[in-house]
1. Does region 83-97 contain any residue that is buried (at least 17 other Cβ atoms within 10 Å of the Cβ), part of a loop (DSSP other than H, G, I, E, B) and either at pLDDT below 95 or under 19 Å from the mean Cα position of the chain (by Cα) (or both)?
2. Restricting the search to region 98-138, which residues are at pLDDT 95 or above and aromatic (Phe, Trp, Tyr)?
3. Using the structure shown, decide if residue 170 is closer than 16 Å to residue 256 by Cα and more than 18 Å from the chain's Cα centre (by Cα).
4. How many residues are of a type in the set (D, E, K, R), crowded, with 17+ Cβ neighbours inside 10 Å and in a loop (DSSP other than H, G, I, E, B) if we restrict to region 29-62?
5. Please determine whether any residue of region 177-195 is buried (at least 16 other Cβ atoms within 10 Å of the Cβ), assigned to a loop (DSSP other than H, G, I, E, B) and modelled with pLDDT of 95 or more.
6. Please go through (1) on the phi > 0 side of the Ramachandran plot; (2) in contact with a Lys or Arg (Cβ under 6 Å, 6 or more places away or on another chain) for residue 157 and return the number of the only condition it doesn't satisfy.
7. Among 150, 174, 170, 141, which is touching a Phe, Trp or Tyr at 6+ places or on another chain (Cβ under 6 Å), closer than 23 Å to residue 255 by Cβ, modelled with pLDDT of 95 or more and surrounded by 13 or more Cβ atoms within 10 Å (Cβ to Cβ)?
Amino acid sequence: MADRRESERAPPKGCLMFLTLWATPRSISTAFEWMMRQRGDFECFHEPWNELYYYGADRHSERDAHVEARPGHTYAAFWTEITALAERRNVFVKDFAYSVEHDLDEAKLAAMTNTFLIREPRRVIQGLGHHWPDCTWEEVGFESLHRLFGRIANRDGAPPPVIDAADLTGDPDGTIRAFCAAVGIEFIAEALSWESGERTEVSWYGEGTGPWHDNLRQSTGIAPPRTEYPPLAETPRLLEMYERSLPLYDAMAAHKLQPAA
């Protein structure tokens, strides 16, 4: 299927949505984002707060401190930009809670429809450790994700929509149908398939796509991963992160959506 650009499908008048998918790294979240891009009715943003976290003028990480920030590229400036856009277009953002948790007050959370994607932490930590052997506990992402999930559940009196990566890869159709029903958007079956190729839309100016999206470039839809990683037991530090992450994942998994029949 040809990639339908966001501008080709106008959102319904009076029904604009600022939809956010919160995830951890290595959770199949970019494949989900790519599906959202195929829909054509959302302006999609790839990890804008994570980019700010590492490369913004008010960055919170020194991991890539050698990369010069763009003038004015700040958390406040991006929020102004995206909320202005959300008044005219449907907006979808995929990002990691640890990147922006410090900046999310209740008014900002209320402006978004917040949804969550979780993945059993073994593959998350194996994948992140493969790319970043020095990854931190914060960068693994489960603690901040669980904390944000709890904030929204406590505020609303009910858990926000959460889907599991195992369901997403095992039953893409049913899982995305359930997601669409939960947030009140149309299910578009054609968005579940695409052509393989470059994915410049999900690159950052600091590092490009690099090896992070090799599987996505080769993909034609959402499918179970094929990458193999060394056992966590070979790296005690990563194994400890896994053991800390598992109860946080389990707590959120108890509220996950079931794939639609």
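The values are calculated or read from the model by the stated rules, or taken from the named source; none is laboratory data. Bear in mind the structure is a predicted one, so any value in this text is a computation, not a measurement. Methodologically, a virtual Cβ is constructed for each residue, glycine included, from the backbone with ideal geometry; neighbour enumeration extends over all protein chains shown.
1. Yes: one or more hits.
2. Answer for region 98-138, where residues must be at pLDDT 95 or above and aromatic (Phe, Trp, Tyr): 98, 116, 137.
3. yes
4. 3
5. So far as region 177-195 goes, yes, one or more of its residues are buried (at least 16 other Cβ atoms within 10 Å of the Cβ), assigned to a loop (DSSP other than H, G, I, E, B) and modelled with pLDDT of 95 or more.
6. (2)
7. Of 150, 174, 170, 141, the one residue that is touching a Phe, Trp or Tyr at 6+ places or on another chain (Cβ under 6 Å), closer than 23 Å to residue 255 by Cβ, modelled with pLDDT of 95 or more and surrounded by 13 or more Cβ atoms within 10 Å (Cβ to Cβ) is 141.
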